[in-house]
Amino acid sequence: MLSNRSRYALRAMVHLAALPGGGPATIAEIAEAASAPRKFLEAILLDLRRRRLLVSRRGRTGGYALAAPADAITFADVIRALEGPLALAPCASRTAPGPCETCPDERTCPLRPVLTEGRDALAAVFETRTLLQAAANSSPIDPVGN
């Protein structure tokens, strides 16, 4: 399940993608557009800036803006920045693979093929959907179906 943190982040990023040049916008503007608590959103935006998905500028015309064109940032980029791999288990991850803590043998595990298939299905959607696409289809409804 996608965390509230990721849902707020995606809403905020889609809002910025809808602005000319990807922003900037103030935290207050982004919080209102994302229907997010301001303090919680501040921490999220800082994490996205640290992950180089956002840039920030101080001053009167400052705020947060996308660090890359909106058509170059995918939903997967945002989710991975905050949640880590898309996979439900380490053995199914492509970006951070590893053995599961409780699995006696990764090679013969009956769960791994199903978990890998699920990860691939999620990735097929999230890696191909950009912020620009979501902004073009945006409405007052949550961009991730909440």
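Checking L16, L88 one by one, the residue that is in contact with a Gly (Cβ under 8 Å, 6 or more places away or on another chain) and either part of a loop (DSSP other than H, G, I, E, B) or acidic (D, E) (or both) is L88 and no other. Within region 53-61, does at least one residue satisfy the condition of being under 17 Å from the mean Cα position of the chain (by Cα) and in a loop (DSSP other than H, G, I, E, B)? Yes: region 53-61 contains one or more residues that are under 17 Å from the mean Cα position of the chain (by Cα) and in a loop (DSSP other than H, G, I, E, B). What about L86, is it surrounded by 14 or more Cβ atoms within 10 Å (Cβ to Cβ), under 15 Å from the mean Cα position of the chain (by Cα) and modelled with pLDDT under 95? Considered against the rule, which asks whether it is surrounded by 14 or more Cβ atoms within 10 Å (Cβ to Cβ), under 15 Å from the mean Cα position of the chain (by Cα) and modelled with pLDDT under 95, L86 comes out as yes.
Yes or no: L2 closer than 20 Å to A81 by Cα, among the aliphatic types (A, V, I, L, M), within 16 Å of the chain's Cα centre (by Cα) and outside any helix (DSSP H, G or I)?
On the way: closer than 20 Å to A81 by Cα: yes; among the aliphatic types (A, V, I, L, M): yes; within 16 Å of the chain's Cα centre (by Cα): yes; outside any helix (DSSP H, G or I): yes.
Considered against the rule, which asks whether it is closer than 20 Å to A81 by Cα, among the aliphatic types (A, V, I, L, M), within 16 Å of the chain's Cα centre (by Cα) and outside any helix (DSSP H, G or I), L2 comes out as yes.
Out of all the residues in region 3-49, which are of a type in the set (K, R) and free of Cβ contacts under 8 Å to residues at least 40 places away in the same chain? R38, K39, R49, listed by residue number.
Going residue by residue through region 102-114, is there one that turns out to be under 30 Å from P20 (Cβ atoms), not polar (S, T, N, Q) and not in a loop (DSSP other than H, G, I, E, B)? Within region 102-114, none of the residues are under 30 Å from P20 (Cβ atoms), not polar (S, T, N, Q) and not in a loop (DSSP other than H, G, I, E, B).
When A96 is tested against the conditions (1) in contact with a helix residue (DSSP H, G or I) (Cβ under 8 Å, 6 or more places away or on another chain); (2) assigned to a helix (DSSP H, G or I), the lone failure is (2). So is D77 surrounded by 14 or more Cβ atoms within 10 Å (Cβ to Cβ), among the acidic types (D, E) and modelled with pLDDT of 95 or more or not? It is true that D77 is surrounded by 14 or more Cβ atoms within 10 Å (Cβ to Cβ), among the acidic types (D, E) and modelled with pLDDT of 95 or more. Within region 40-52, the residues that satisfy the criterion of being surrounded by fewer than 13 Cβ atoms within 10 Å (Cβ to Cβ) and either in contact with a helix residue (DSSP H, G or I) (Cβ under 6 Å, 6 or more places away or on another chain) or farther than 12 Å from R5 by Cβ (or both) are R50, R52. For the subset of region 53-65 comprising residues that are closer than 13 Å to I27 by Cα and hydrophobic (A, V, I, L, M, F, W, C), which member is surrounded by the most Cβ atoms within 10 Å (Cβ to Cβ)? Filtering region 53-65 for residues that are closer than 13 Å to I27 by Cα and hydrophobic (A, V, I, L, M, F, W, C), the one surrounded by the most Cβ atoms within 10 Å (Cβ to Cβ) comes out as L54.
Taking region 50-95 as the range and being in contact (Cβ under 8 Å) with a residue 60 or more places away in the chain and farther than 30 Å from R112 by Cα as the test, the residues that pass are L66, P69, A70, D71.
The values are calculated or read from the model by the stated rules, or taken from the named source; none is laboratory data. Not measured: the values here are computed from a predicted model. A quick note on method: Cβ atoms are made from the backbone with ideal geometry, for glycine too, and the neighbour counts reach across all protein chains shown.
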